[in-house]
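Okay, structure first, notes after.
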Amino acid sequence: MVIERDGTLYSITYFQHVKPGKGGAFVRTKLKDVMSGGVVDKTFRAGEKVKEVRLVRRPMQYSYTDGQLYFFMDMQTFEMTPLSGDAIGADQLCYLEENMVCQGLTRDGDVLAVELPQFVELKVVDTEPGVKGDTAQGGTKPARLSTGATVQVPLFIDRGDVVRVDRTVEKYLERIT
């Protein structure tokens, strides 16, 4: 659900209804700014009104960047939409790869932001070679991916391997064969 508060759009990422023994009930929430990606904690009292906003999700494919703007093609209308890095979010830019299909958040036909898929498959371009017998337990090493992001991977991962990464927690999931 997306709400508008003080002229800013927030998506609700977490909520908890609390009914204390004394006093009125309230709801604790974590609100994520749709444009900047920042997270804010907010408590709403019972009966407090908020304005709900309807955002439409549309598939969009990342095409290219000119250094400042990132160009996405709407998969339904084939229109190119330029977006700034702020509309994408700094935490997502390091996982953005050409031809990646993302979800565009639109309001009244205008693209406000883009969400990348939670799981991305990227090629390992640089990592130290793993030596057999290095550890008794599963160890990890840093690996730089084709988009520039760095994640911790198991020792058996080599250059050229394709790995699946959960970009929301920046964690290696598995090697793709």
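Filter the stretch 148-177 down to the residues that are at pLDDT 90 or above and of a type in the set (S, T, N, Q) and list them by number.
Result: THR150, GLN152.
Looking only at residues in the stretch 85-107 that are modelled with pLDDT under 85 and small (Gly, Ala, Ser), which one is nearest to ILE3 (Cα to Cα)?
Across the stretch 85-107, the extreme among qualifying residues is ALA87.
May I ask you to verify whether LYS49 is more than 16 Å from MET100 (Cβ to Cβ) and part of a strand (DSSP E or B)?
No, not satisfied.
When you look at TYR70, is it touching a Gly at 6+ places or on another chain (Cβ under 8 Å) and among the aromatic types (Phe, Trp, Tyr), yes or no?
The answer is yes for TYR70.
Would you pick out the residues in the stretch 1-55 that are at pLDDT 90 or above and of a type in the set (Asp, Glu)?
Once the filter is applied, which keeps residues that are at pLDDT 90 or above and of a type in the set (Asp, Glu), the stretch 1-55 yields only ASP41.
For the stretch 15-60, enumerate the residues that are farther than 17 Å from VAL114 by Cβ, loosely packed, with under 14 Cβ neighbours inside 10 Å and in contact with an Asp or Glu (Cβ under 9 Å, 6 or more places away or on another chain).
Across the stretch 15-60, the qualifying residues are ARG28, VAL39, VAL40, LYS51, GLU52.
What pairs come up if the first residue lies in the stretch 79-95 and is in contact (Cβ under 8 Å) with a residue 12 or more places away in the chain, the second is part of a helix (DSSP H, G or I) and among the aliphatic types (A, V, I, L, M), and their beta carbons are under 8 Å apart, counting only those six or more places apart or on different chains?
From the stretch 79-95, the pairs are GLY85/LEU93.
The values are calculated or read from the model by the stated rules, or taken from the named source; none is laboratory data. The shown structure was predicted, so the numbers you read here are calculated from the model rather than taken from an experiment. Virtual Cβ from ideal backbone geometry, glycine too; neighbours counted across all protein chains shown.
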